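Comments concern the structure below.
The values are calculated or read from the model by the stated rules, or taken from the named source; none is laboratory data. If you're wondering where the values come from, they're calculated on a predicted model, not measured in any experiment. Here the Cβ positions follow ideal geometry from the backbone for every residue, glycine too, while neighbour counts run over all protein chains shown.
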Amino acid sequence: MITVIGATNIDIIATTLSGFAAHDSNPSRIVMGVGGVGKNYAHNLSLLGENVQFITLFGDDYLGDLAKKECKRLGFDLHLSATPNGARSSMFLCVNNTQGQMQAGAADVAIIEEYLTPAFLETRIDDINRSQLVLFDANLPVAAMVYLLDNCTVPMMADTVSSKKAVRIAQALQEAQCPRLHTLKLNKIESQHILGAEIGKDPHRLLTLLHDLGAEHIYITDGARGVTASSAHQHSTLAIPSLPPARIVDTNGCGDAFISGLAFAFLQGVSFPDCTQYGLMASKATIEVSSVVNPNLLEELSSLNPKTRTLITDNNESVSITLS
């Protein structure tokens, strides 16, 4: 079982029908649905056949009821989630150009900021630690991330989400007493902000500092230019080419799909760096559809045959084996 901790949003996404014009009304195709970074992780992993324990906060309003019904329909275990009295639903609004690339976005995740506290997590930590893996993102308050880093005993993966939120994860790693982060995923722009602009100009120094802060595996995505994957355990940094999509429909959700693919590979025992292909394939599959989650994700990833798997011995030691 995997535990996902994060936001559930009401997404309103507009894709312009002609060239995007700032400061003007743009003829567009507008869709609304239930999304959010955390919900997207949970949805992707559920489609991949994993049991998902989702810890989120629902608004105490009509939109919150809608989001909760959708999460139940998708089969998430919601017994650790909550609906704070009087809370407003989390929402995300964005405008894409005709190529599906975001031109402007706005997020209201105040419900997460206010209610997803260390005290909230403390009452749930025993259930969290019964998971195989915990996945969270930088929408969480710093104090909540620090609590997880200090009290979660199972492997954790985290996503920086945006350049403004990326610094939260760096701060949490710096404040935690014994940070243990299995995987940190960020994109190229976020990597230039997470520890400051000067450090962001030096990729080698950036990776070294992030590893020193407690991130064992780091993945920096850079669109069509591929991924930089770095492992503190294996003392290696690799440049891995992207998987070009057949067509670009909508880039929303691609980063969420990438880390979901990494999480799925981890749960299947796939070793570094082979797990990167799962992230790339999941991202490619998502960019080719108009929704933030590709409903055929399992079929898309089924073509991947890992070269290595990690087995756990009776002494709780990890052993990598090569598959023929």
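Quick look at the values:
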read-out: Residues (touching a Ser or Thr at 6+ places or on another chain (Cβ under 9 Å) and under 21 Å from M157 (Cβ atoms)) located in the stretch 48-74; value: L48, V52, Q53, F54, I55, T56, L57, C71, L74
read-out: Any chance I199 is modelled with pLDDT under 95, of a type in the set (V, I, T) and part of a helix (DSSP H, G or I); value: yes
read-out: Residue match in the stretch 222-245 (condition: of a type in the set (V, I, T) and at pLDDT below 90); value: no
read-out: Wholly enclosed helices (runs of 4 or more DSSP H) of the stretch 246-324 bearing at least 2 residues of a type in the set (A, V, I, L, M, F, W, C) and modelled with pLDDT of 95 or more; value: 254-267, 275-287
read-out: Hey, I194 surrounded by 24 or more Cβ atoms within 10 Å (Cβ to Cβ), among the β-branched types (V, I, T) and modelled with pLDDT of 95 or more or not; value: yes
read-out: Among the candidates K72, K39, residue that is modelled with pLDDT of 90 or more, crowded, with 24+ Cβ neighbours inside 10 Å and basic (K, R); value: K39
read-out: Residue list for the stretch 128-142, filter: part of a loop (DSSP other than H, G, I, E, B) and either surrounded by 15 or more Cβ atoms within 10 Å (Cβ to Cβ) or in contact (Cβ under 8 Å) with a residue 60 or more places away in the chain (or both); value: R130, S131, Q132, A138, N139, L140, P141
read-out: Flag for T208 being assigned to a strand (DSSP E or B) and hydroxyl-bearing (S, T, Y); value: no
read-out: Cβ-Cβ under 7 Å pairs, at least 6 apart or on other chains, the stretch 202-213 side more than 12 Å from L186 (Cβ to Cβ), far side at pLDDT below 95 and assigned to a helix (DSSP H, G or I); value: R205/I199; L209/I199
read-out: The stretch 173-189 residues that are in contact (Cβ under 8 Å) with a residue 24 or more places away in the chain and part of a loop (DSSP other than H, G, I, E, B), paired with ones that are crowded, with 17+ Cβ neighbours inside 10 Å and acidic (D, E) (beta carbon under 9 Å, 6 or more apart); value: R180/E216
read-out: Pick from the stretch 223-234, criterion of a type outside the set (S, T, N, Q) and out of contact with any strand residue (DSSP E or B) (no Cβ under 7 Å at 6 or more places or on another chain), ranking: surrounded by the most Cβ atoms within 10 Å (Cβ to Cβ); value: G223
read-out: Residue pairs meeting the criteria (Cβ under 6 Å; at least 6 apart or on separate chains; first under 17 Å from I128 (Cα atoms), in the stretch 36-52; second of a type in the set (F, W, Y)); value: A42/F54; A42/F76; V52/F76
read-out: Residue among S81, S90, S18, S28 that is crowded, with 19+ Cβ neighbours inside 10 Å and of a type in the set (S, T, Y); value: S90
read-out: Subset tally (residues that are part of a helix (DSSP H, G or I) and either of a type in the set (A, V, I, L, M) or exposed (fewer than 15 other Cβ atoms within 10 Å of the Cβ) (or both)) for the stretch 114-127; value: 6
read-out: Count of residues meeting criterion [closer than 23 Å to S290 by Cβ and in contact (Cβ under 8 Å) with a residue 40 or more places away in the chain] in the stretch 1-25; value: 15
read-out: Subset of the stretch 150-162 [crowded, with 17+ Cβ neighbours inside 10 Å and either at pLDDT below 95 or assigned to a helix (DSSP H, G or I) (or both)]; value: V161, S162
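Each row is one residue, and each column tells you yes or no for (1) among the polar types (S, T, N, Q); (2) under 20 Å from N139 (Cα atoms); (3) without any contact (Cβ under 8 Å) to a residue 60 or more places away in the chain; (4) assigned to a strand (DSSP E or B).
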residue	(1), (2), (3), (4)
A67	no, yes, yes, no
G86	no, no, yes, no
T98	yes, no, no, no
I112	no, yes, no, no
